[in-house]
1. So which residues in segment 80-106 are in a helix (DSSP H, G or I), surrounded by 18 or more Cβ atoms within 10 Å (Cβ to Cβ) and not aliphatic (A, V, I, L, M)?
2. I need every pair where a residue in segment 59-81 that is of a type in the set (D, E, K, R) has its Cβ under 8 Å from the Cβ of a residue that is in a helix (DSSP H, G or I), sequence separation at least 6 or different chains.
3. Which of the residues spanning segment 1-58 are among the β-branched types (Val, Ile, Thr) and in contact with a His (Cβ under 7 Å, 6 or more places away or on another chain)?
4. If you scan segment 3-50, which residues turn out to be of a type in the set (Ser, Thr, Tyr), without any contact (Cβ under 8 Å) to a residue 24 or more places away in the chain and within 17 Å of residue 69 (Cβ to Cβ)?
5. I'd like the full set of residues that are surrounded by 18 or more Cβ atoms within 10 Å (Cβ to Cβ) and of a type in the set (Asp, Glu), limited to segment 1-60.
Amino acid sequence: MSIRCEKAWLPRTDLNGLYGHMGVFQFGNDVEEVIFIGYAGGRSLFGLKGEIVSEFERLADASCYRFEINTAYLTRYQELLMIHVADHGVLPPYNEPMPNLGRLSP
């Protein structure tokens, strides 16, 4: 089992299958490079669907997304950020700096 998110990318226009679940998501650009990693937690209005729709309004250059339903969303969110830093040396362009983010060597 890989710790990387290996789900298929979905087009921006396909929001079917999104509900009020907790979980994590990634947004990609036209060439499916991760540009933002986010999460929907217990305080997220309408769960994953609400967070993803809201972020699509903010990120005009996001053309695709993928998500995982996960009740340990904060741990998984940090894990995905650490994997991205391990692979690319920096956080995704639209994520805010996180000074206390740990390190992974996947």
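What follows draws every value from the coordinates through simple rules; no lab data is involved. Please read these numbers as outputs of a predicted model, since none were measured by experiment. Note: ideal-geometry Cβ built from the backbone for every residue, glycine included; neighbour counts use all protein chains shown.
1. 84
2. Note: pairs meeting the criteria are 68/76.
3. Scanning segment 1-58 gives 34, 37.
4. Hit for segment 3-50 is 44, nothing else.
5. Selection gives 51 alone.
Matching residues to (1) among the β-branched types (Val, Ile, Thr); (2) more than 19 Å from residue 95 (Cβ to Cβ); (3) in contact with a helix residue (DSSP H, G or I) (Cβ under 8 Å, 6 or more places away or on another chain); (4) not in a loop (DSSP other than H, G, I, E, B):
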site: 4; (1), (2), (3), (4): no, no, yes, no
site: 27; (1), (2), (3), (4): no, no, yes, yes
site: 42; (1), (2), (3), (4): no, yes, no, no
site: 57; (1), (2), (3), (4): no, no, no, yes
site: 61; (1), (2), (3), (4): no, no, no, no
site: 67; (1), (2), (3), (4): no, no, yes, yes
site: 75; (1), (2), (3), (4): yes, no, no, yes
site: 78; (1), (2), (3), (4): no, no, no, yes
